[in-house]
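One structure is given below, encoded as structure tokens.
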């Protein structure tokens, strides 16, 4: 399936976007949480709702807008992939023809990095694969643009 980006609405400041409003213009700065320290305990009561889900949705919209291929698991059920794997696996072939990848783990103020996540992230970084853990939408977008060589 191919997305015709020319048919998407365009913001004069930020370019084309998916949805009814530009995510950069509409993203409330107060909703950009910071990640918290690693821990083994985690309350999963509302893990598929709230600020973290909204952050994931905005990030997915931006990946589509930028033409980045990605894998993102469902948030309303336990993952069926390896425990601790980052939220987003991102892939992009730049103008030089090289396919690059990086990973992003998005967190809200109320969610912590689990022990499995710390281990997987350390393993990926040991392989020189770029991984970012953040609760900041802008930081995540800048990270993928830099590491995937997106203009």
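The values are calculated or read from the model by the stated rules, or taken from the named source; none is laboratory data. Source: prediction; values computed, not measured. Counting neighbours? That spans all protein chains shown, and the Cβs are built from the backbone with ideal geometry, glycine included.
When the helices (runs of 4 or more DSSP H) confined to the range 42-151 are screened for residues that are without any contact (Cβ under 8 Å) to a residue 40 or more places away in the chain, farther than 23 Å from residue 21 by Cβ and touching a strand residue (DSSP E or B) at 6+ places or on another chain (Cβ under 7 Å), those reaching at least 2 such residues are found at 115-126. Summed over the range 32-59, residues that are surrounded by fewer than 17 Cβ atoms within 10 Å (Cβ to Cβ) and at pLDDT 85 or above total 1. Among (1) touching a helix residue (DSSP H, G or I) at 6+ places or on another chain (Cβ under 8 Å); (2) under 21 Å from residue 118 (Cβ atoms); (3) at pLDDT 70 or above; (4) part of a loop (DSSP other than H, G, I, E, B), there is one condition residue 13 misses while meeting the rest; what is its number? So residue 13 meets the others, but not (2).
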